[in-house]
Amino acid sequence: MVVEAYPHRPTVSFELMPPRRPEAAPNFWETAQRLVAARPDFVSVTYGAAGGDRATSREVLATLLRGTPVLPVAHLTCVGASREDVSEVIDEFLEAGVRSFLALRGDPPRDEPNWRPSPDGVSSSVDLVRLLTQVDQRRVAADASAALRAATRPLTIAVATFPDGNAGAGTTRDQEVRRLLEKQEAGASFAITQFFYRAESYTGFVEAARSAGVTIPILAGILPTTEARRLRRVEELTGVVAPADLLRDLDGLTAPDGAVDPEAQHEHGIQYSAALAREVLDAGAPGVHVYTFNKHRPALDLLERVGLTGRAAA
């Protein structure tokens, strides 16, 4: 399928999750290599709840920095951690050469319904954006080499935003717009949206954000919708509800024996996701950030269908 080229080259980026078990590492690195070969503008590397995979995340980031041309972006969460602990983690990442971060509050412990942030902790992504800047400024003031690195590679801080509201935090779209404005004022460089299933989720949010004074780029987060099972699982985790018609169509794609036909689901899901990506790009989205779940085929097929293969950063 030939897709007309966009007049302004959109950005392409991927999210990767560090392997949680040693035996998963080979498959993870195969996926990472295939995604890096697509020449993305950046790859973000997740950071588990309460920093559970902190060492693995740092190792993945360091490997990407050393061995690939791709820009790695480190996820950083702060929920449940003291200011001192978060500052230490920031120091570790900066020392490893990481200069780009995605600042996230993170999810409270699921098994502690009465959990409250620590009084000496970093309780929000807004606070985390400020702390990142403060730690970097402290390092710059103390060391000439750090100052030079900061001059040639300025600190970049991305933030998350939720175009339909954040079910986990109980926020509405309007509240998320105001929150994004606070993150911008704290020093955020750009925003990445939670994934969505309807173009209006993105376009309506961006319109509201611009009207409120948000000027930073807002990158469209896209989830390849190739597996009904995964869509139901991410709904449980995120509260983002998949359209009933999409789930019905995917569930109806079965082989003659009545079993799920994964190839038919894959094709239908790529068509759906590609149409969504094209719609938001045509509406002015600066690029797409693909939530890969460490699966390269859906992500790369999506890019090819949208016409973005080979159009990432050179």
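The values are calculated or read from the model by the stated rules, or taken from the named source; none is laboratory data. The shown structure was predicted, so the numbers you read here are calculated from the model rather than taken from an experiment. Here the Cβ positions follow ideal geometry from the backbone for every residue, glycine too, while neighbour counts run over all protein chains shown. These accessible areas exclude ligands, DNA and RNA; they are computed on the full protein's heavy atoms, side chains included. Shrake-Rupley method; radii C 1.70, N 1.55, O 1.52, S 1.80 Å.
Could you list, in sequence order, the residues of the range 180-237 that are assigned to a helix (DSSP H, G or I), under 18 Å from A103 (Cα atoms) and not small (G, A, S)? If you could, list the steps in order and put the result at the bottom.
Going through the range 180-237, the residues assigned to a helix (DSSP H, G or I) turn out to be 180-186, 199-212, 228-237.
Add one more test, that the residue is under 18 Å from A103 (Cα atoms), and what stays is 180-186.
Listed by number, the residues that qualify are L180, L181, E182, K183, Q184, E185.
With respect to F293, is the statement that it is aromatic (F, W, Y) and under 16 Å from the mean Cα position of the chain (by Cα) true?
Numbers: aromatic (F, W, Y): yes; under 16 Å from the mean Cα position of the chain (by Cα): yes.
Judged against the criteria, F293 is a match.
With touching a His at 6+ places or on another chain (Cβ under 7 Å), without any contact (Cβ under 8 Å) to a residue 60 or more places away in the chain and surrounded by 20 or more Cβ atoms within 10 Å (Cβ to Cβ) as the only criterion, which of V70, V86, V60, V45 stands out? Write out each step before concluding.
Numbers: V70 fails: touching a His at 6+ places or on another chain (Cβ under 7 Å); V86 fails: touching a His at 6+ places or on another chain (Cβ under 7 Å); V60 fails: touching a His at 6+ places or on another chain (Cβ under 7 Å).
After applying the criteria, what remains is V45.
Any residue in the range 217-235 that's surrounded by fewer than 18 Cβ atoms within 10 Å (Cβ to Cβ): show its pairings with residues that are at pLDDT below 95 and in a strand (DSSP E or B) at Cβ separation under 9 Å, as long as the two are six or more apart or on different chains.
Going by the 9 Å Cβ cut-off, the qualifying pairs are R229/V260.
Here are some conditions: (1) in contact (Cβ under 8 Å) with a residue 60 or more places away in the chain; (2) over 25 Å from the mean Cα position of the chain (by Cα). V260 meets all but one. Which one does it not meet?
(1)
Identify, please: which residue in the range 136-164 is touching a helix residue (DSSP H, G or I) at 6+ places or on another chain (Cβ under 7 Å) and part of a loop (DSSP other than H, G, I, E, B) and is, among those, least open to solvent (accessible area, probe 1.4 Å)?
P163
Looking only at the range 165-198, how many residues end up being open to solvent by less than 20 Å² (accessible area, probe 1.4 Å) and within 15 Å of V240 (Cβ to Cβ)?
Total satisfying the criteria: 7.
Looking only at residues that are within 21 Å of A169 (Cα to Cα) and aliphatic (A, V, I, L, M) in the range 236-254, which one is least open to solvent (accessible area, probe 1.4 Å)? Lay out the reasoning, then the answer.
Within the range 236-254, the first condition is being within 21 Å of A169 (Cα to Cα), and the residues that meet it are 236-242.
From the residues that got through so far, the ones that are aliphatic (A, V, I, L, M) too are 237, 240-242.
Numbers: L237: 80, V240: 30, V241: 95, A242: 7 Å².
In this case the residue turns out to be A242.
Does S125 satisfy the criteria of being open to solvent by 50 Å² or more (accessible area, probe 1.4 Å) and modelled with pLDDT under 95?
Values: open to solvent by 50 Å² or more (accessible area, probe 1.4 Å): no; modelled with pLDDT under 95: yes.
In short, no.
For the range 22-101, please list each of the helices (runs of 4 or more DSSP H) lying entirely inside it that holds at least 1 residues being in contact with a Pro (Cβ under 9 Å, 6 or more places away or on another chain). Even if it seems obvious, please write down each step before you answer.
On the way: elements: 25-36, 54-67, 83-95.
It comes to 25-36, 54-67.
Looking only at the range 191-204, count how many residues are of a type outside the set (V, I, T) and in contact with a strand residue (DSSP E or B) (Cβ under 7 Å, 6 or more places away or on another chain).
Step one: filter the range 191-204 for residues of a type outside the set (V, I, T), giving 191, 194-202, 204.
If we keep only those that are in contact with a strand residue (DSSP E or B) (Cβ under 7 Å, 6 or more places away or on another chain) as well, we get 191, 194-195, 202.
Final tally of qualifying residues: 4.
Answer yes if at least one residue in the range 302-310 is touching a strand residue (DSSP E or B) at 6+ places or on another chain (Cβ under 7 Å) and in a loop (DSSP other than H, G, I, E, B), and no otherwise. Don't jump to the end; show me each part of the working.
So in the range 302-310, the residues touching a strand residue (DSSP E or B) at 6+ places or on another chain (Cβ under 7 Å) come out as 302-303, 308.
Restricting the remaining residues to those that are in a loop (DSSP other than H, G, I, E, B) gives 308.
Yes, that holds for at least one residue.
Return the residues of the range 292-301 that are in contact (Cβ under 8 Å) with a residue 40 or more places away in the chain and in a helix (DSSP H, G or I); say none if nothing qualifies.
At the first step, the residues of the range 292-301 found to be in contact (Cβ under 8 Å) with a residue 40 or more places away in the chain are 292-296, 298-301.
If the condition is that a residue be in contact (Cβ under 8 Å) with a residue 40 or more places away in the chain and in a helix (DSSP H, G or I), then H296, P298, A299, L300, D301 are the ones that fit.
Going through L237, L302, L250 one at a time, which residue ends up being within 18 Å of the chain's Cα centre (by Cα) and at pLDDT 95 or above? Quick ask: steps written out before the conclusion?
Values: L237 fails: at pLDDT 95 or above; L250 fails: within 18 Å of the chain's Cα centre (by Cα).
None of the others qualify; the one that does is L302.
Tell me which residues, restricted to the range 263-291, are crowded, with 21+ Cβ neighbours inside 10 Å, aliphatic (A, V, I, L, M) and not in a helix (DSSP H, G or I).
Within the range 263-291, A285, V288, V290 qualify.
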